[in-house]
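K.L.:
The structure's right below; bear with me while I get my questions together.
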């Protein structure tokens, strides 16, 4: 009785693409909202003229943002692009539009090509 697994369905469960997409959509939304809040806090610190006590923090943030600016920019844009396209996909699915598998395969190839082209253009520009 003690050697039996508590939930045998967990060992045979295969994650679906739609559930994984939903999880990543939520994660990207939380990360985008966190970046937005961080930017608002950063702007508020810069707007107020009396930021002597925050000068060291601002200088450290500027150093890190200088080194990781391009990486952060690309990751933010890809996260925003994923979140926007996945949200659009969910809206279209809720409306019952474009549920044909052949169309979805073609759309996936087109979107993947656009993303790869965008990455190449960002790297070489």
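What follows is calculated from the coordinates using simple rules that are stated; it is not laboratory data. Small disclaimer: the values here were computed from a predicted structure and weren't measured. For neighbour counting, all protein chains shown are included, and Cβ atoms are generated from backbone atoms with ideal geometry for every residue, glycine included.
K.L.:
Calculate, in nm to one decimal, what residue 107 and residue 57 gain on full extension: separation in residues at 0.36 nm each, minus their alpha carbon distance.
P.N.:
Length gained, residue 107 through residue 57: 13.5 nm.
K.L.:
Across the range 52-103, how large is the tail of the calculated P(r) beyond 18 Å, expressed as a percent of all Cα pairs?
P.N.:
Considering the range 52-103, 59 percent of its Cα-Cα pairs are separated by more than 18 Å.
K.L.:
For 19, 28, what's the fewest-to-most ordering of other Cβ within 10 Å of each Cβ?
P.N.:
Exposure proxy ranking, most exposed first: 19, 28.
K.L.:
Okay, next question. Applying 1/(1 + (r/R0)^6) with R0 = 25 Å to the Cβ-Cβ distance of residue 13 and residue 114, what FRET efficiency is obtained, to the nearest 0.05?
P.N.:
E between residue 13 and residue 114, to the nearest 0.05, is 0.15.
K.L.:
Taking 0.36 nm per residue of separation and subtracting the Cα-Cα distance, what length does fully extending residue 21 through residue 95 add?
P.N.:
24.8 nm
K.L.:
While we're looking at this one, here's another question. I need the per residue convex hull volume for the chain, using only the alpha carbons, in cubic angstrom as a whole number.
P.N.:
Per-residue hull volume (Cα only) is 230 Å³.
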